[in-house]
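The block underneath contains the structure these notes are about, expressed in structure tokens.
The values are calculated or read from the model by the stated rules, or taken from the named source; none is laboratory data. Since the structure is predicted, the reported quantities are computational estimates derived from the model, not experimental observations. Because the Cβ atoms are built from the backbone with ideal geometry, glycine has one as well, and the counts that use them run over all protein chains shown. Side chains included, ligands, DNA and RNA excluded: accessible areas come from the protein's heavy atoms. Shrake-Rupley method; radii C 1.70, N 1.55, O 1.52, S 1.80 Å.
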Amino acid sequence: MGRPREFDDTAAVDAAMEVFWRKGYEATTTQDLCDSTGLGRGSLYNAFGSKRGLYEAALRRYSVVGPQGQLEILERPGSVKERLRALMVWCVDVDMADPERKGCLAINAAVDASGRTSEIAELAHKQFVRLEQTICHLMAVGQSTGELSTERSPLQAARFFQSAYYGLRVLGKVTDDRAALLDVIEGTLSAL
């Protein structure tokens with residue numbers, strides 16, 4: 001019988017998630033993962049199978065902890081536009097306050113060709129769909145109350161907003177121009 005594992009899987013995945021988030025899949029080495037988790041190579045490979053297996057575990061973990069702040073903002077009381085604005089301003093604030101400009105791990109995973117597999121793509125896609133569904137519901141509410149235009153279906157409006165939101169997350173990685181980011185927010189909201 002093998003020795004029982006003597007480490008916390010969640011803590012190890014959280015530590016690895018931070019490294020993948022900061023460095024990306026390709027630039028993250030096994031040694032980086034050992035250093036961040038405090039585990040030896042053997043323990044990492046026994047627990048997660050491979051670097052990719054640990055990356056997938058990190059993205060699954062991010063799908064639980066990453067969207068919490070977004071969903072809390074969108075589920076607050078208040079007008080639909082206030083909540084959508086609050087979400088976009090939140091992401092500007094978070095991204096600009098981060099000296100490493102990590103952005104969104106799901107977006108990073110979706111565009112990182114070296115780390116992307118069908119499993120990785122599916123994990124990122126699930127996060128995007130979850131946010132899309134929440135935003136679509138808000139769009140329907142805003143349209144039913146007359147707060148938002150009915151020119152587009154709620155789903156089209158949600159997808160329009162979501163594309164601007166994700167674009168804002170990418171821009172937040174490369175610019176210090178807060179006014180430009182706020183212009184994206186106002187332009188997006190005025191189009192709704």
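Could you tell me whether segment 47-56 includes any residue that is farther than 30 Å from VAL170 by Cβ, in contact (Cβ under 8 Å) with a residue 12 or more places away in the chain and out of contact with any Lys or Arg (no Cβ under 6 Å at 6 or more places or on another chain)?
Yes, that holds for at least one residue.
Quick test for you: out of ALA47, ALA106, ALA58, pick the one residue that is more than 29 Å from THR134 (Cα to Cα) and buried (at least 17 other Cβ atoms within 10 Å of the Cβ).
Among ALA47, ALA106, ALA58, only ALA47 is more than 29 Å from THR134 (Cα to Cα) and buried (at least 17 other Cβ atoms within 10 Å of the Cβ).
Table: residues versus (1) at pLDDT 95 or above; (2) farther than 22 Å from GLU56 by Cβ.
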position: GLY69; (1), (2): no, yes
position: ASP93; (1), (2): yes, yes
position: PHE128; (1), (2): no, no
position: MET139; (1), (2): yes, yes
position: GLY142; (1), (2): yes, yes
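So which residues in segment 139-192 are in contact (Cβ under 8 Å) with a residue 12 or more places away in the chain, closer than 24 Å to GLY66 by Cα and in a loop (DSSP other than H, G, I, E, B), if there are any at all?
ASP176
Condition test on ASP95, is it open to solvent by less than 70 Å² (accessible area, probe 1.4 Å), charged (D, E, K, R) and under 13 Å from the mean Cα position of the chain (by Cα)?
The answer is yes for ASP95.
Taking the stated definitions as given, is THR150 polar (S, T, N, Q), under 26 Å from ASP183 (Cβ atoms) and at pLDDT 90 or above?
So THR150 fits the description; yes.
Of the residues ARG85, ARG60, ARG76, which single one is free of Cβ contacts under 8 Å to residues at least 60 places away in the same chain and either on the phi < 0 side of the Ramachandran plot or not aliphatic (A, V, I, L, M) (or both)?
Just a single option satisfies the conditions, and that option is ARG76.
For residues that are at pLDDT 90 or above and either of a type in the set (Lys, Arg) or not in a helix (DSSP H, G or I) (or both), tally how many sit in segment 1-38.
9
Out of the residues in segment 145-169 that are surrounded by 15 or more Cβ atoms within 10 Å (Cβ to Cβ) and among the aliphatic types (A, V, I, L, M), which is farthest from GLN133 (Cα to Cα)?
Taking the candidates together, the pick is LEU168.
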